[in-house]
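Colleague: One structure, as structure tokens, below. Some questions next.
Laboratory data are not the source of any read-out in this text; all were calculated from the coordinates shown. For clarity, every value in this text was computed on a predicted model and none was experimentally measured. When we count neighbours, we look across all protein chains shown, and the Cβ atoms used for this are built from the backbone with ideal geometry, even at glycine.
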Amino acid sequence: MPDFRYQDGEFYCEDVPFRKIAEAVGTPCYVYSRARVIRQYRAFDSAFKDVPHIMAYAIKANSNLAILRVLAKEGAGGDIVSGGELYRALKAGIEPQRIVFAGVGKTDDEIRYALQTGILMFNVESSAELRAIDRVAGDLKTKARVALRINPDIDPKTHPYISTGLKKSKFGISAERALEEFKLASTLRHIEIVGVHKHIGSQLTQLSPYVEALRKMLELIEQLKEIRVEIRYLNVGGGLGITYQDETPPQPEDLSQALAPLVKDLKCTLLFEPGRSIVGNAGVLMTKVLYHKANPDKTFIIVDAAMNDLIRPSLYGAYHEIKPVREMRDKFRKHVLADVVGPICESGDFLAKDRMMPLVDPGELLAVMSAGAYGFSMASNYNSRPRVPEVLVSEKEFHVVRARENYDDLVRGETIPAFLE
């Protein structure tokens, strides 16, 4: 992560020391590098410069308005999975004609909002959803552009919770039913078929599942031609992994070299839905050490960040590297095998387990790395903890792009009914 580095014994984001951010904003807090987001997006976009394409950033990865504005200014579209994400995308300046709407449970209100907005298309996940979109479009006297999301039954070789392309997954239409569903779509008066979609999972570290799934989609496109269904958009999804520990995931250029020969003669616009690969390594969760605690069989480093701030370690058993904000150059510094845990009243509240690390003192700062994707976006108020601020760094400047919540924010919208007075 070249935008996060030690300089003169201090940890920096671009040209701003983390210590300075902590003094101004407090801890815990998320810190993002604008330069890293831009560089990652441009790497993906330029890798496919010779292929007609749209980069529809997966907004669920990190939906902060400032991050979305950075990407909108780069020309990114948006992959959304809710009406709220559509609202955020539009608020940030993402053009509606570059937005695709995925997800298995779209409501009538969300469908209506998307149609009125003029999004590019819906990624349809079932025949029931297809009929619902047709009905709502009919009420609005318009046509809905759709791509059918096909489940190719490909093992992405990733964590089961983020694997979406197997038969047992809730996502997509089974490959065996694909032609029947396209035939159904072609009979619906308020549906316009424009594309095919597949997405097999997240944090992919091998290209072979990606390529195998694409081959199946290309076969399907040829079959659709035989029933006179012309495809204008082929959405190949997202899912490229990032480095959390020792992974060596493929880069966008690697993906381009693998896919380009397969699609060079395809008269379609490709859609990509990168999320984690754009923002994952562009963000850090900064936290402060509160206490040490040693049981007979375990050492604990207790910090002020918790599973409500970053749930990935608890939910997925995910690894995040943890660095001291003050560089540890003292070779005599004691190292311990420790769990890094937070204040939440749950045994599952941890940021790291059995991690060999320096025994940092109370008051010292730690940087939890690679937290830019599915960090704040999955945060909660569990244990009535206010959500933490988000900070965007741009060269020598930093800006609070989401304020720290306070106790009043925790109860906003709640009321005590009169009969309890």
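Colleague: What would the Debye formula give as log10 I(q)/I(0) at q = 0.17 Å⁻¹ for the alpha-carbon point model of region 364-411, no solvent?
Modeller: Per q value, in the given order, log10 I(q)/I(0) is -0.65.
Colleague: Report the far tail of the P(r) of region 1-119, meaning the percent of Cα-Cα pairs longer than 26 Å.
Modeller: The proportion of pairs with Cα distances above 26 Å equals 34 percent.
Colleague: Then there's this: What is the Rg over Rh value, at two decimals, for region 103-272, using alpha-carbon atoms and the Kirkwood definition of Rh?
Modeller: Ratio of gyration radius to Kirkwood radius for region 103-272: 0.98.
Colleague: Something else: Going Cα to Cα from residue 264, which lysines come in below 30 Å? Please leave out same-chain ones fewer than 8 positions away.
Modeller: The reachable lysines, counting only those whose Cα sits under 30 Å from residue 264, are 49, 73, 157, 167, 183, 198, 216, 225.
Colleague: Moving to a separate point now. If I take R0 = 41 Å and measure r between the Cβ atoms of residue 257 and residue 412 in this structure, what FRET efficiency does the formula 1/(1 + (r/R0)^6) give, to the nearest 0.05?
Modeller: 0.20
Colleague: Starting from the Cα of residue 404, step 7 Å toward the Cβ, then list every residue of region 28-70 with an amide N under 19 Å from that point.
Modeller: 28-32
Colleague: How long is the gain from residue 176 to residue 20 if the chain were fully straight, where each residue apart is worth 0.36 nm and the alpha carbon distance is subtracted?
Modeller: Gain on extension, residue 176 to residue 20, equals 50.5 nm.
Colleague: Straight distance only, please: which lysines reach the Cα of residue 20 with their own Cα at less than 25 Å, same-chain residues fewer than 8 apart left out?
Modeller: Reachable lysines: 288, 323, 396.
Colleague: How many percent of Cα pairs in region 40-106 exceed 16 Å?
Modeller: Summing the P(r) of region 40-106 above 16 Å gives 41 percent of all pairs.
Colleague: How high is the FRET efficiency from residue 382 to residue 356, r the C-beta distance, R0 35 Å, rounded to 0.05?
Modeller: For R0 = 35 Å, the calculated efficiency reads 0.75.
Colleague: For region 19-68, what is the convex hull volume of its Cα atoms per residue in Å³?
Modeller: 89
Colleague: What number in nm² do you get for region 213-293 if you take the convex hull of its Cα atoms and divide its surface by four?
Modeller: Mean shadow area of the hull around the Cα atoms is 8.4 nm².
Colleague: Which aspartates and glutamates have a Cα lying under 20 Å from the Cα of residue 141, excluding residues fewer than 8 positions away in the same chain?
Modeller: Correct list for residue 141: 108, 109, 110, 129, 192.
Colleague: Packing-wise, with mean Cβ within 10 Å as the measure, how do 23-30, 243-250, 296-303 rank, highest first?
Modeller: Those peptides, ordered most packed to least, come out 23-30, 296-303, 243-250.
Colleague: Calculate the spin-label point distance for residue 245 paired with residue 329, positioning each point 7 Å from the Cα along the beta-carbon direction, and give it in nanometres.
Modeller: Reported label-point gap for residue 329 and residue 245 is 3.1 nm.
Colleague: Which value, in Å³ per residue, describes the convex hull spanned by the Cα atoms of region 90-150? Before the final figure, lay out each step's value.
Modeller: On the way: hull volume 4.8 nm³, N = 61.
Convex hull volume per residue, Cα atoms: 79 Å³.
Colleague: Which of the peptides 57-69, 222-234, 204-216 is most tightly packed, and how do the rest follow, judged by the mean count of other Cβ atoms within 10 Å per residue?
Modeller: Numbers: 57-69: 23.6, 222-234: 14.3, 204-216: 18.2.
The packing order, highest mean first, is 57-69, 204-216, 222-234.
Colleague: Please pull out the direction-averaged projected area of the chain, using the convex hull of its alpha-carbon atoms, in nm² to one decimal place.
Modeller: So the mean shadow area of the Cα hull is 24.0 nm².
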